[in-house]
Amino acid sequence: MSKRITVLLIAICLIGLVSVPTAKASSDQPLSQEQVFTLLQEAFQAQSSLTLEFRTYEEIQQILSPHFHEEYAKAFLQENLIKEEEGYIVYGSDFALYFIPFYSYSDKTKVLFNQEENKYYVYELFEAQDSGPVSYNAHYEVITIEKINSNWLITDLSMQDEAPIVKKAVVRGSNIIEDTTFLTWNPFKTTIYSLLEMEIPTPLHSGCFTNIF
C-alpha cells in the first residue's frame, strides 16, 4: 500500500510540472487562434489602462513591454502620450494611431501564421464609414505578431486596401498553421509608420481616412 501511495504522489508531482501555454507563452509551438485573440485583447487593455491615471514614464513602459516590441511601444508613446504636472497620461481620441484595432474577434477576424518567418498576421475588413466624427473608406487593418526572445510581441500595424494573401493556409485543430511560403507582396499596403513619414500620397492622404486631421 505504501508503495502505491508513493507512486501516486510522484505522478501528481510530475503532472504539476507540466506548464500550460498562455497568450504570452514562450512555447515553440504555434499559438491557437484563441491565444492570439487573447494576446491582442490584453495588449489593448494595457494601452487603454494608460488613460485611467497619471503614471511615471517607467511605469508606462513596464505596462507595454509584455505586449509590444520596443519600437512599436516607442512609436505609440510618441504619438499618444501627454506629459502633465501630475505625470504622463494618454487621452482618449476618435482616431488614435498605434492602438490595437477594434476587431470583432469573430469569424470576420482572420489569423494567418507564416511558419518560415515565424509571424502571425491578424486582419479584419472595416467597412466604409461616412458618418460621425471619423469617416473612412473600406480597408483592412493588419497586426503583425512576432516571436522575439521567446516572447510573442506585436511589432506592426498596417492599413491596406486588400487582404493579406498567404498560400495554402490551413487550420489544424485549434492551431493555425501555414506553409513556408512568404506573404505575397501587396502594393496597396501602407504601414502606420509610413502614414506619418511619407510625403507622397498614401491611402490616408488620398481619402482612406477623411475628416480626421
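Restricted to region 72-105, and to residues there that are part of a strand (DSSP E or B) and not β-branched (Val, Ile, Thr), the residue that is farthest from Ala43 (Cα to Cα) is Glu84.
Please determine, by comparing only the residues of region 29-55 that are surrounded by fewer than 14 Cβ atoms within 10 Å (Cβ to Cβ) and without any contact (Cβ under 8 Å) to a residue 60 or more places away in the chain, which one is nearest to Lys110 (Cα to Cα).
Selected residue: Gln45.
One line per residue, one yes/no per condition, for (1) under 21 Å from Gln35 (Cβ atoms); (2) over 12 Å from the mean Cα position of the chain (by Cα); (3) of a type in the set (Ser, Thr, Tyr):
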{"residue": "Arg55", "(1), (2), (3)": "no, yes, no"}
{"residue": "Glu70", "(1), (2), (3)": "no, yes, no"}
{"residue": "Leu77", "(1), (2), (3)": "no, yes, no"}
{"residue": "Tyr120", "(1), (2), (3)": "yes, no, yes"}
{"residue": "Glu141", "(1), (2), (3)": "yes, no, no"}
{"residue": "Ile148", "(1), (2), (3)": "yes, yes, no"}
{"residue": "Leu153", "(1), (2), (3)": "yes, no, no"}
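Being out of contact with any Phe, Trp or Tyr (no Cβ under 7 Å at 6 or more places or on another chain) and either more than 24 Å from Leu64 (Cα to Cα) or buried (at least 16 other Cβ atoms within 10 Å of the Cβ) (or both) is the filter here, so list the residues in region 101-113 that pass it. Scanning region 101-113 gives Pro101, Tyr103, Ser106, Asp107, Lys108. Among the criteria (1) more than 25 Å from Pro30 (Cα to Cα); (2) within 19 Å of the chain's Cα centre (by Cα); (3) modelled with pLDDT of 85 or more, the one Tyr193 does not fulfil is (3).
From the list Tyr121, Tyr98, Tyr136, Tyr140, which one is buried (at least 18 other Cβ atoms within 10 Å of the Cβ), modelled with pLDDT under 90 and not charged (D, E, K, R)? Within the list Tyr121, Tyr98, Tyr136, Tyr140, the selection yields Tyr136. Only one of the numbered conditions (1) modelled with pLDDT under 90; (2) touching an Asp or Glu at 6+ places or on another chain (Cβ under 9 Å); (3) under 11 Å from Val111 (Cα atoms) is violated by Ser174, and that is (3).
Cβ separations smaller than 8 Å between residues 6+ apart or across chains give the following pairs from region 136-163 residues that are free of Cβ contacts under 8 Å to residues at least 40 places away in the same chain to residues that are polar (S, T, N, Q) and part of a loop (DSSP other than H, G, I, E, B): Lys147/Asn118; Glu162/Asn186.
Farther than 28 Å from Pro164 by Cβ and touching a helix residue (DSSP H, G or I) at 6+ places or on another chain (Cβ under 6 Å): does that describe Ile89?
Values: farther than 28 Å from Pro164 by Cβ: yes; touching a helix residue (DSSP H, G or I) at 6+ places or on another chain (Cβ under 6 Å): no.
When the stated conditions are applied, Ile89 does not pass them.
Suppose we filter region 115-135 for residues that are within 17 Å of Ser158 (Cα to Cα) and either in a strand (DSSP E or B) or in contact with a Leu (Cβ under 7 Å, 6 or more places away or on another chain) (or both); how many remain? Result for region 115-135: 8.
Report whether or not Ala43 is in contact with a strand residue (DSSP E or B) (Cβ under 7 Å, 6 or more places away or on another chain), at pLDDT 95 or above and either more than 18 Å from Ile143 (Cα to Cα) or not polar (S, T, N, Q) (or both).
yes
The values are calculated or read from the model by the stated rules, or taken from the named source; none is laboratory data. Computed from a predicted model, the values in this text were never measured in an experiment. Neighbour counts are summed over all protein chains in view; Cβ atoms, including those assigned to glycine, are modelled from backbone coordinates with ideal geometry.
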